[in-house]
Each structure stands twice: as structure tokens, then as C-alpha cells.
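Asker: For reference, the structure I am asking about is given below.
The values are calculated or read from the model by the stated rules, or taken from the named source; none is laboratory data. In this text, all values refer to a predicted model and were calculated from it rather than measured experimentally. In this analysis, Cβ positions are derived from the backbone assuming ideal geometry, glycine residues included, and neighbour counts consider all displayed protein chains.
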Amino acid sequence: MTTVARQMHLKSRPTGIPQPSNFTIVSVKLPEVGEGEVEVRNKFMSLEPGMRLLMRDTAFHAPIYPLDAPLHGRAVGEVVRSRSPSFEPGDLVMSNRGWQEAFVAPAGELLKVKPYPSLSVESLLSAAGIRGLTAYVGLIRVAQLRAGDIVFVSAAAGTVGMVACQIAKLRGHTVIGSAGGAAKVAFLKEIGVDHVIDYKAEPDFAAALRKAAPNGFDVFFDNVGGSQLDAAFQTANNNARFALCGTIAGFNQTDLIPLYHSNLTILKRLRLEGYVVWDHQDLLPEFQRELSGWVVSGRFKSRESVEIGLERAPVALAKLFTGESIGASLVKLY
């Protein structure tokens, strides 16, 4: 039986925030499942800020998305047919074959997943998956949280940020979070963030950060870069540790954002460390066990912004940059 599935292709390279006009949907007939291959029907796909970098003419950390070809990204799906001894129909699998409703792939490209009973399927693409692990790695392994640390998290209402805030709170730390808009501010207060800065309402972010952290801070979990990173240089305590996770502030810009106070990294003896979560996947089982316990006990809250249908994927992607999404940005495919 031949399966027809829709794929999202990149039609043109965006200028600024990606728009639906930059994409097109193509219906294709999937090939027959060959020896050692598996057919998967995607349940959820994930939209992530880094995808915007792959839509440029050049990318520095991964091959760019080609035009007029299927896009890719993380997805969780269900095995429909299998000619591999490693998978059976009904198995849940993680892949890098998002942006399409179904696909046929070699079994070696798939990761069988079995979430803890307390964790939902979609959470594997948000708090319980690589995004949550990113927060865990940044705080525990990179910043090496210590008793009494004051922690500042930028983009705190995104998936990585909301997990970072809650990990720090659950370990007894004072947490400062930045986010844009009243809805995100309310969400951060709901999950226990001690001081929330609405960067959209503050004409002087550096002054707002100094007010929120009159005694400075010891750990900065940075998802943003740009002016918030520059403000952090000014407010950080001596010997503060910066876990540099993302630079979303510059994803839709062609010009570099100046860091006027970078000299303070020397004067304050700051330790800045950038990291990539793929280098730390050994911590995933430990993180998921801990997260599952927090969820069961009711101490952890997650939020996903979910669009329905492949055609809504460009809209979901754009919302990452307009500030309309809270938590993970996902598309439900079936």
C-alpha cells in the first residue's frame, strides 16, 4: 500500500522573520519500505529558533536548508510499517524528519523512545527532551550551581528557559527571569520565578536588571545574547558563571549586536562557557528520572504552544520571534 504524505519545502530565503510565503507544501508518494527500513507517521514536530539560521544563504554550525526540498527538524512519531527487527508497528520513535506528515527511513536514523508514565508524548519534544536537557546541562554541568547562587535566566518563558528557572527554584535558588509581554510574565510568576523583567516594557534593560538583582547574580543562563548579555556583564557578581546557550537576539539580523561592556569579563573574572547539548546526552536518563519525579509530585509545570496541521508550521516558527508563543512551539500532525 502506497502512502501519500505532505512535506513542507522552503520556497525562498526569508528576510527578517520567516513568513508563510517563504514555504510551500508538496504531496509525495512514499517509497515502499525496504529491508532494514521503517515507515513512520509523525505525531508532533518541534519548531526551534535555530531553524532560522539554517534558512540563510550560509550557516556556520550545520548545512543550510536547500530550496525546494523537504525541511528537517526534530519530531516524534509512530511506526506504521517495519522491515527492521529493531522496530514494530506502534513503537514511538524520535527522528530528525520533522516538517512532514510521514516518511520512510533506515532504522539506524530512528531512536525508539518510551516516556516515563508521568511524561506525555509531546513532552519528549519540550521539557522532557533535548530542550529540557539543555537547561539541565547548562545549570548543573556548565554553570555548576552552588548553594546560595542567584540565577538569572533570559528568554525565561521559552522551553529551555522555563525548565532552567524551575530546576534552579527546585534546588533552592533565587531566580530572576526576563521575558516579553504580560502573558509570559504571568506564567513565570506562576512557576515561582522570584523577579520577572518584561524586557518589552523596559526602556533601559540594564537598569531593570540592576533593580531586580540589587546584590548582583552568580549564574547567568543565556538564551538571548545581544543587549541582555551586555546588561548581564554590568550586573554580574565577581566570578559569576555564564552558561551561553543561545543567541536568539541576532537570528533575524544581519549586523552584529555590539557588546559595549565585554571588558567587564576580565575585571569581574567572569567565566563564560558556550556549549552544545549534543555533547552531553549522557545526562539524559538522569535528567528524565529527576523530571519525572517533579512532575508526579506536582512541583514542575510545563507549557506548550501547539498549532494543528502541517500548514501551520510557518506560523508557529514566526511566533518564536514575535514573542507570541510560551514554552515549546509544536505542531500536531495527527
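Asker: Against the conditions (1) under 23 Å from Val142 (Cα atoms); (2) in contact with a Cys (Cβ under 7 Å, 6 or more places away or on another chain), where does Ile191 fall short? Just the number, please.
Answerer: (1)
Asker: Looking at segment 288-307, can you tell me whether even one residue there is within 24 Å of Arg13 (Cα to Cα), at pLDDT 95 or above, in contact with a helix residue (DSSP H, G or I) (Cβ under 9 Å, 6 or more places away or on another chain) and not in a strand (DSSP E or B)?
Answerer: Checked segment 288-307: no residue is within 24 Å of Arg13 (Cα to Cα), at pLDDT 95 or above, in contact with a helix residue (DSSP H, G or I) (Cβ under 9 Å, 6 or more places away or on another chain) and not in a strand (DSSP E or B).
Asker: Those residues that are surrounded by fewer than 16 Cβ atoms within 10 Å (Cβ to Cβ) and polar (S, T, N, Q), I need them from segment 285-334; list them, please.
Answerer: Ser297, Thr322
Asker: How many of the residues in segment 289-327 are under 17 Å from Ser126 (Cβ atoms) and of a type in the set (Phe, Trp, Tyr)?
Answerer: Of the residues in that region, 2 qualify.
Asker: Let me ask another. Based on what the data block shows, is Pro31 out of contact with any helix residue (DSSP H, G or I) (no Cβ under 6 Å at 6 or more places or on another chain), assigned to a loop (DSSP other than H, G, I, E, B) and without any contact (Cβ under 8 Å) to a residue 24 or more places away in the chain?
Answerer: no
Asker: Inside segment 267-286, can you point out the residues that are over 18 Å from the mean Cα position of the chain (by Cα) and not in a helix (DSSP H, G or I)?
Answerer: Those that are over 18 Å from the mean Cα position of the chain (by Cα) and not in a helix (DSSP H, G or I): Lys268, Arg269, Leu270, Arg271, Leu272, Glu273.
Asker: Counting just the residues of segment 206-226 that are under 23 Å from Thr159 (Cβ atoms) and out of contact with any strand residue (DSSP E or B) (no Cβ under 7 Å at 6 or more places or on another chain), which one comes out surrounded by the most Cβ atoms within 10 Å (Cβ to Cβ)?
Answerer: Val224
Asker: Quick test of your reading of the structure: Leu119 fulfils all but one of (1) crowded, with 18+ Cβ neighbours inside 10 Å; (2) assigned by TED's automatic domain parsing to the domain that holds Asp218; (3) of a type in the set (A, V, I, L, M); (4) touching a residue at least 24 places away in the same chain (Cβ under 8 Å). Name the failing condition by number.
Answerer: (2)
Asker: Would you confirm whether or not segment 316-324 contains a residue that is assigned to a loop (DSSP other than H, G, I, E, B) and over 21 Å from Gly138 (Cα atoms)?
Answerer: Checked segment 316-324: at least one residue is assigned to a loop (DSSP other than H, G, I, E, B) and over 21 Å from Gly138 (Cα atoms).
Asker: Of all strands (runs of 3 or more DSSP E) completely enclosed by segment 171-247, which ones contain at least 3 residues that are small (Gly, Ala, Ser)?
Answerer: Per the criteria, 174-179.
Asker: Can you tell me which residue within segment 50-74, out of those that are in contact (Cβ under 8 Å) with a residue 60 or more places away in the chain, closer than 19 Å to Gln7 by Cα and not in a loop (DSSP other than H, G, I, E, B), is nearest to the chain's Cα centre (by Cα)?
Answerer: It comes out as Met51.
Asker: If a residue has to be surrounded by 14 or more Cβ atoms within 10 Å (Cβ to Cβ), out of contact with any helix residue (DSSP H, G or I) (no Cβ under 6 Å at 6 or more places or on another chain) and within 29 Å of Glu304 (Cα to Cα) to count, how many in segment 34-70 make the cut?
Answerer: Number satisfying all stated conditions: 17.
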